[in-house]
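See below for the structure under consideration.
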Amino acid sequence: MAAFTLKINGQNHSVDVDPDTPLLWAIRDGAGLMGTKYGCGVAQCGACTVYLDGQTVRSCALPVSAVGKSEVITIEGLDSKEGKAVQTAWVALDVPQCGYCQSGQIMSAAALLGINPQPTDRDIDLAMNGNICRCATYVRIRAAIHGAAKSLEG
Amino acid sequence: MTIHEATLSRRSLLKAGAGLAIGVYIAGGGKAFAQAAPAASGVNIAPNTFLTIDADNTVTVLCKHIEFGQGPLTGMATLVAEELDADWSQMRADHAPSNPALFKNLAFGVQGTGGSSAIANSYEQMRKVGAAARAMLVSAAAEQWKVPALEITVNAGVIRHPSGKEGRFGAFAAAAMRQPAPADPKLKDPSQFKLIGKEGVVKRLDSAIKSNGTAEFTLDINEPDMLTVVIARSPKFGGTVASFDAAAARAVAGVVDVKQVQTGVAVYAKGFWPAKTARDRLKITWDDGKAETRGTPQLLSEFRSLSKTPGKTVRQEGDVEAAVARGGRLIEAEYVFPYLAHAAMEPLNGFIKWEGATASARFGCQFPTPDHAAIAKVLGIGIDKVQLQTILAGGSFGRRAQQTMHVAVELAEVAKAIGPGKAIKLVWTREDDMLGGYYRPFSIHRMRGVVRDGKIEAWSDTIVCQSIMKGSPFEAMSMKDGLDSTAYEGSHEIPYEVANFRCDLHQADVGVPVLWWRSVGHTHTGYAVEAFVDELLEAAGKDPVEGRLALMGRKPRHAGVLRAVAERADWKNAKLAPGRARGVAVVESFNTFVAQVVELSMEKEGPRVHKVWCAVDCGVAVNPDIIRAQIEGGIGFALGHILYAEQPLDAGRPLAANFNTYRSLRIDEMPEVDVTIVASTEKPSGVGEPGVPPLGPAVANAMARLGVGRPRQLPIVRGASA
Ligand code: FES
Ligand code: FES
């Protein structure tokens, strides 16, 4: 065990865990933030997607000891204009079914719009294909990303 | 469910003085509800209500069905709101606790969700709840305003009298509680519906909490001093612990205890990571004496030989052998379907706290009544001493309802093994979930058909498949003549008129636990029947749509969706780009009729499906947008599995442990989907499952039209990894 101070959503959290503990479990069981999900644990599904210094990472595959002073943003702290636009579009189109994958989908979608405000279908395919949705809400995810992009235009 | 019972519980509740609750079944208010807040934190086994109205006009519906994406929270609230004449914005919903007397599925007699039955069994019941509450509110207003009740109208949550008096529900909720519940409240004529079947007025109640990370799933339960439990289970089905050494596991920081339970060896730790790390360090010797040790190749060859002999007859008409003897073109096809894992996005899990004399559990429980009894039995206490609350689940596809209640049993066992007073979260890892069995059964269909003079003269289908129900507590009530209908449903009654017909079944015994998987038997029977009829029609020189329609004289709803989809896709005249082809299939499951047309091309790895047109007839369409969503999702779910998914066994050991080897459909492979909901006045039927079955055979039939043949063994892309 070792103590780590993680900066998550602008707040410092002290977690006392083994250095090999994936960031995902430090966020969930350590900091008690439950919006970030566990789906596979092997960087296959994207349910655990968070931002590390603004970049999307699979938190299930990143040991907490590698985080250092980097800033972590989770779904609870997503307050960029792209994030808000994506969440609004998600609700407007009733994208979620079971909802379990959607924190990760939204983090990836908001990150995409942050670097590419007008993504094509192909851009969406490339940016979103690391996020599995077993309910296959993909039709609406695509439509909602286009919708969010449109809402950000004006 | 009758208003009579309602009145009784209402009275007892009135005595208890629960002021603002109204309606048929009554409980204290003050719970946290979906949309307002993520999931209830407490459980309450006392008489509960389907409906509460708060002073702030919020109407909360308790949903007796589990929400795992298919929309019952929204669906139940729609039915109540319609008859209550509520405004959609005031509606909320949350899960009902386990209580079969109040919350049973009227199709099953016990509380549970499955068979796409949620809306079907609740359609009248929940509308009556809304209508009764409306009548009680109106009586209360009439009393207070001293006007005849008949002069009062209710619209969009506002109660009005022509004199100008008006008020909202909250103001009359307490007084309404003192009104008698009407014995048989009058329901609206469908022509008066404002919410049911309407586009754009009803939005899902759970979208916001599922878009901001606040929706609470079982994995998210986090109580003070809670222990997370991860279990090492036998790598082979039926294996048991011979001996184990937990020294290395106990040395992991954060581990609190290690116990042997029926399913294996359980590690209790402060948090998931130490529990999993320690679990992986257990040294266990397994006794495989009773384990299943056959691999997929051996099962395939055994099933194949069986399929060449007649099984037990399920249904027979005319004489297939005589028709074969009369000549014509005999066509044979063998279809092979693999074991499939459900792989819901949230792996299996559960939460329980056992206090010795009482216990409370909560998890994404799909069949509360049997799970409730199973927990009580393991703990040796009465059912009335156990509270069980269903909460949101991250998908199921059938996996969270087990004929053996094995998750509930294991949950209670881990609580019992460590002793009372501990809050316990049992977590299956993704690998545990995928390797843990309860798969869609492995099966073979051996089809034979005779085409003579452009006509299908004979049809036979010999199925080899494991039974889901055999050996379970539900065996007696769910099997007919020793045969499990989930193995042949859809094969024994085909929508096509064929004079000489036979369907027979070999119910094979394999030690791999199997389970219903989104659309159950139709996952394989739909494929076998629809690919084969297409092949026979091709041999007969008929168009796939016209040829089917010509044989569907007695099946108007099948024909209806088939015509609708053909028209929508412009089947007859569409000019396809070079290298593209279309295929069609139509399958009825759970009383819902679905026809699909797919358009695809072939790429290096396999087919790429560009677009799917779908027509669905599910009777009265209660929530059109949820129907569309379920069809879209069902198509994606089906496509991923027919293309890539298989759980292979090596000497009895399942091999696909995670999404890298059990490949899931991803967004770049998702086709465009066009859904047509066929107008219908029939009773509503479900949509959670019926979107799945036609997709596979429609893909196969399109591949045949492209000249690459109908795949006869699934998955289509064999040996695919992600
Ligand atoms: S849980 Fe991290 S990618 Fe699946
Ligand atoms: S909404 Fe269920 S997994 Fe994506």
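The values are calculated or read from the model by the stated rules, or taken from the named source; none is laboratory data. All values reported here derive from a predicted model rather than from experimental measurement. Backbone-built Cβ (ideal geometry, glycine too); neighbour counts: all protein chains shown.
When you scan the stretch B:656-677, do you find a residue that is part of a loop (DSSP other than H, G, I, E, B), free of Cβ contacts under 8 Å to residues at least 24 places away in the same chain and more than 22 Å from the chain's Cα centre (by Cα), even just one? Within the stretch B:656-677, not a single residue is part of a loop (DSSP other than H, G, I, E, B), free of Cβ contacts under 8 Å to residues at least 24 places away in the same chain and more than 22 Å from the chain's Cα centre (by Cα). When the stretch B:337-359 is filtered for residues that are outside any loop (DSSP other than H, G, I, E, B) and surrounded by fewer than 21 Cβ atoms within 10 Å (Cβ to Cβ), only B:K353 remains. Among the residues of the stretch B:590-630, the ones that are more than 14 Å from every other protein chain (Cβ to nearest Cβ), out of contact with any strand residue (DSSP E or B) (no Cβ under 9 Å at 6 or more places or on another chain) and among the aliphatic types (A, V, I, L, M) come to 2 in all.
Assigned to a loop (DSSP other than H, G, I, E, B), over 30 Å from A:G77 (Cβ atoms) and assigned by TED's automatic domain parsing to the domain that holds B:G421: which single residue out of B:V202, B:V241, B:V252 fits that description? Exactly one residue qualifies, and that residue is B:V252.
Yes or no, residue by residue, for (1) within 13 Å of ligand 1 (Cβ to nearest atom); (2) facing chain B (nearest Cβ under 8 Å); (3) within 20 Å of B:F217 (Cα to Cα):
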| site | (1), (2), (3) |
| --- | --- |
| A:H13 | no, no, no |
| A:V17 | no, yes, no |
| A:P22 | yes, yes, no |
| A:R28 | yes, yes, yes |
| A:G39 | yes, yes, yes |
| A:C45 | yes, yes, yes |
| A:G54 | no, no, no |
| A:C60 | yes, no, yes |
| A:S70 | no, no, no |
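Can you find a residue that is among the basic types (K, R), buried (at least 18 other Cβ atoms within 10 Å of the Cβ) and closer than 11 Å to B:A702 by Cα anywhere in the stretch B:554-577? Looking through the stretch B:554-577, none of the residues is among the basic types (K, R), buried (at least 18 other Cβ atoms within 10 Å of the Cβ) and closer than 11 Å to B:A702 by Cα. Only one entry in B:E317, B:E292, B:E332, B:E321 is over 30 Å from B:A215 (Cβ atoms) and buried (at least 16 other Cβ atoms within 10 Å of the Cβ), namely B:E292.
The residues in the stretch A:106-139 that are within 13 Å of ligand 2 (Cβ to nearest atom), part of a helix (DSSP H, G or I) and within 7 Å of chain B (Cβ to nearest Cβ) can be counted, and the count is 4. For the stretch B:586-596, check the following and say yes or no: at least one residue is part of a loop (DSSP other than H, G, I, E, B) and touching an Asp or Glu at 6+ places or on another chain (Cβ under 8 Å). Checked the stretch B:586-596: at least one residue is part of a loop (DSSP other than H, G, I, E, B) and touching an Asp or Glu at 6+ places or on another chain (Cβ under 8 Å). I'd like to know if the stretch B:665-687 contains one or more residues that are surrounded by fewer than 22 Cβ atoms within 10 Å (Cβ to Cβ), within 14 Å of chain A (Cβ to nearest Cβ) and small (G, A, S). The answer is no; no qualifying residue exists.
Of all residues in the stretch B:375-397, those satisfying the criterion of being away from chain A (no Cβ under 14 Å) and of a type in the set (S, T, N, Q) are B:Q387, B:Q389. Scanning the stretch B:670-718 for residues that are acidic (D, E), out of contact with any Ser or Thr (no Cβ under 9 Å at 6 or more places or on another chain) and within 16 Å of B:I631 (Cα to Cα) yields B:E672, B:D674.
On the given criteria, is A:Q87 outside any strand (DSSP E or B) and under 30 Å from A:H13 (Cα atoms)? Against the criterion (outside any strand (DSSP E or B) and under 30 Å from A:H13 (Cα atoms)), A:Q87 qualifies.
Yes/no matrix, rows are residues, columns are (1) under 21 Å from the mean Cα position of the chain (by Cα); (2) within 14 Å of another protein chain (Cβ to nearest Cβ); (3) small (G, A, S):
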| residue | (1), (2), (3) |
| --- | --- |
| B:H372 | yes, no, no |
| B:H406 | yes, no, no |
| B:E431 | no, yes, no |
| B:M434 | yes, yes, no |
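The condition of being small (G, A, S), part of a loop (DSSP other than H, G, I, E, B), farther than 25 Å from A:R134 by Cα and touching a strand residue (DSSP E or B) at 6+ places or on another chain (Cβ under 8 Å) holds for only one of B:S685, B:S680, that being B:S680.
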